[in-house]
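Student: If you scroll down you'll find the structure; I have some questions about it.
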Amino acid sequence: QKIQENLNKQLLDNLVSFLSRSHSDFQKKTTEWTCRMKFREIPTAALVLGVNVTDHDLTFRGLSDVLQDNITPYVALLEAKDCPGIKNLMQKLMGQLMKCDIDVDSLEDEDCVQVSQNRIRCSMPSLISWYDSVTKKTDSETPSKKRNSSSRHWQSPPVVVIFRDMESFTTKVLQDFIVISSQHIHELPLVLIFGIATSPMIIHRLLPHSVSSLLCIELFQSLSCKEHLSTIIDKLLLTSRFPFKLGEKVLQVLINIFLYHDFSVQNFIKGFQLCIVEHFYSQPLSVLCCHLADIKKRVYSLSHDQCENIRRLPSFRRYVEKQESGKQIELLTNDSFLKEETEKLLEDLHVYHENYVRILRCLHVFTSSLPKYPLGKQIRELHCACLENRVWETEEYESSLQLARMLNKTDLVTILQQCVEILMSSSGKEFDRAVEKLKEFLTQFQNLEAEASQERDVSVSPQKELQKKTDLYHLQKTLLELKESRRSKKLTKFEMLRFEVVDYIDSLVRRYLVPADERTLQEIAYFNGAAVLRGHLNAAPRTALHTALNNPHWYLKNQALRCDGGGISNKAPDICIVYKLHLECGRLINLVDWLEAFSTVVMAAEETNADAASSDQVDDVIHARFIRAVSELELLGFIKPSKQKTDHVARLTWGGC
């Protein structure tokens, strides 16, 4: 939430500045405001937020809080679903401004709102009268009380109306409100804010020129949702502050849902929270997923069963297989020795995380400076590639190294300076040697200028010699010598130094960017349940519906409903019986045959009842139950009436028992 607020800070500051300019014009009655008033223009901010509609709530909430805290207490946030007509819009607007609850349904035939004991008509003159009364009341207060009550707000504060989802408002409602407001703009300091998800052109598509010309529009663009996501991943996942981590497949599931479904950062965060809950609920050893300072205390409080759980971890079993026989026996039989080794391994895992993030950022500095992005431009793409497998064994990495070996001196110096800053931010001494080496490279680059100019002079001499020769024989001889010299040309000192820099970065990558799957005890910190997460987030309603109707025991947990071998339980709900019978039919289902089959299944339970009612009464009850079950099945979309035969229904799904 703090990250989101920081990302929106620039946008909110720009909006506050816009309101300040609009309001100052109104207060001072400047020439610009007089001209605008003459043309009846309303100051309007077009706020383009993108298609990630679910994230807009946080932005509008933050905007409303900033405005109410610093500028004006008169802020109304309107949604299209609450404003089907101009009357509803005015009711909602005045209700929010006057801080009173409005029941739109109860006022369906009225144009008034209830304020204290008074009823106020919902109209623009009423709103202006109310505004004049509250502002005059504020001005008439004593200086000390006025300073305490409204010191945060401006004098004669503007009335800000926010249209949260402008695309959803009907054209007539917007037109009527804008035209009415423009006629009173000289009496009421009104400012409009349009929340736009698509494009600013929607204003001109919804409003004719005669109406849009009444707006003095200024455009504001928020950061793209992809930039929001990259920042969230950078601050939440690529940090050593939080011990919990996402596995490669889990992270890819969340990113794919973001990119191919809704572009919602809020939904990405909800998925991340779901991963946390699932990990700490399903992993018995998640108690060890803690900060470095708490590891020792938690490790030595493990029970024998928890020690056995550690021994069952696949990564720990691979670790044991690599040890000598004596240590293997101790690890598998001695709990105290296991706890000591577990403490060391978990500390190593924390160090690995910190080193991984530092080198990943250095590699990203290199790859993002290339003319092409084989490993992706965003750091999240590079992070996924490093989690998936050994990144240095991929073709994309080799392509990146080849491009890095062609960087010019200026780019290389800038990259090395950024890498030095990243590595020096590390709290430990792990990268002291690496920082010294990179600084040494920077010094060597600074000493190459004079030598480079001498090499350029030497390379020009064969060209001058070529220009002197006019004889054909000597000309051919010189050309051949020049060709041979180019073939056997040695690398310059700059080129050799550039190769050395790239090779050194490559060595750091091979040492520190080992995939997390190869680390011992990674199951404690990493959540790898991609299938579980996909089952929670990627809804499959048809599968769930089929399971519920075909096997009600799966959800109801009633043993009496369990039915093996594809049979039909007579104790199942009527709709389940009807559904399983309809699976045995073809494209058209005869309702009479279907009813008889249903009666046969149901009567199997009632034949044993000695006190059963008469057969006619039973038939009527069964008939009614059958009709209701068939109607429910039709409502769910499994069948529909057939026009070919009136006593038949048509199946809309395929597949049998």
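Student: With the cut-off at 25 Å, tell me which of the pairs K2/K245; K2/K439; K580/K640; K9/K137; K296/K327 have Cα atoms farther apart than that.
Tutor: Numbers: K2/K245 20 Å; K2/K439 36 Å; K580/K640 17 Å; K9/K137 33 Å; K296/K327 21 Å.
Checking Cα-Cα distances, K2/K439; K9/K137 exceed 25 Å.
Student: Could you tell me which of H204, Y260, I217 has its Cα farthest along the dipole of segment 189-260 towards the positive end, charges placed at Cβ (Lys, Arg +1; Asp, Glu -1), taken about the Cα centre?
Tutor: In segment 189-260, that residue is Y260.
Student: Could you give the radius of gyration (one decimal) and Dmax (whole number) of the Cα atoms in segment 371-430, in Å?
Tutor: Considering segment 371-430 through its Cα atoms, Rg and Dmax are 13.4, 34 Å.
Student: Here is a follow-up. Any idea what the relative contact order of segment 541-651 is, in percent, if you count C-alpha pairs under 8 Å spaced at least 6 apart?
Tutor: Relative contact order, segment 541-651: 26 percent.
Student: Would you mind working out the accessible area per residue for segment 541-651, using a 1.4 Å probe, and quoting it in Å²? Let's see the in-between values first.
Tutor: Numbers: 6860 Å² over 111 residues.
Using a 1.4 Å probe on heavy atoms only, each residue of segment 541-651 averages 62 Å².
Student: Hey, can you rank 385-392, 355-362 by average C-beta count inside 10 Å, highest first? Walk me through the numbers on the way to the answer.
Tutor: Values: 385-392: 18.4, 355-362: 21.6.
With the highest mean Cβ count within 10 Å placed first, the list reads 355-362, 385-392.
Student: When the expected Rg is taken as 2.2 N^0.38 Å, what fraction or multiple of it is the alpha-carbon Rg of segment 541-651?
Tutor: 1.10
Student: Continuing with the same structure: Counting only protein heavy atoms, what percent of the accessible surface of segment 541-651 is carbon or sulfur at a 1.4 Å probe?
Tutor: 53
Student: Another question, if that's okay. What is the magnitude of the charge dipole of segment 541-651 about its Cα centre, with +1 placed on the Cβ of each Lys and Arg, -1 on the Cβ of each Asp and Glu, and no other charges, expressed in debye to the nearest 20?
Tutor: 760
Student: Take peptides 174-183, 285-294 and line them up by average Cβ neighbours within 10 Å, highest first, as a rough protection proxy.
Tutor: The peptides rank, most packed first, as 174-183, 285-294.
Student: A further question follows. Using only C-alpha positions, report the orientation-averaged shadow area of the convex hull of segment 316-390, nm², one decimal. Mind dumping the intermediate values first?
Tutor: Values: hull surface 24.6 nm².
About 6.1 nm², averaged over all directions.
The values are calculated or read from the model by the stated rules, or taken from the named source; none is laboratory data. Quick caveat, the model's predicted, so the values are computed rather than measured. Ideal geometry is used to build each Cβ from the backbone, glycine not excepted, and the neighbour counts take in all protein chains shown. Heavy atoms of the whole protein, side chains included, go into the accessibility calculation; ligands, DNA and RNA do not. Shrake-Rupley method; radii C 1.70, N 1.55, O 1.52, S 1.80 Å.
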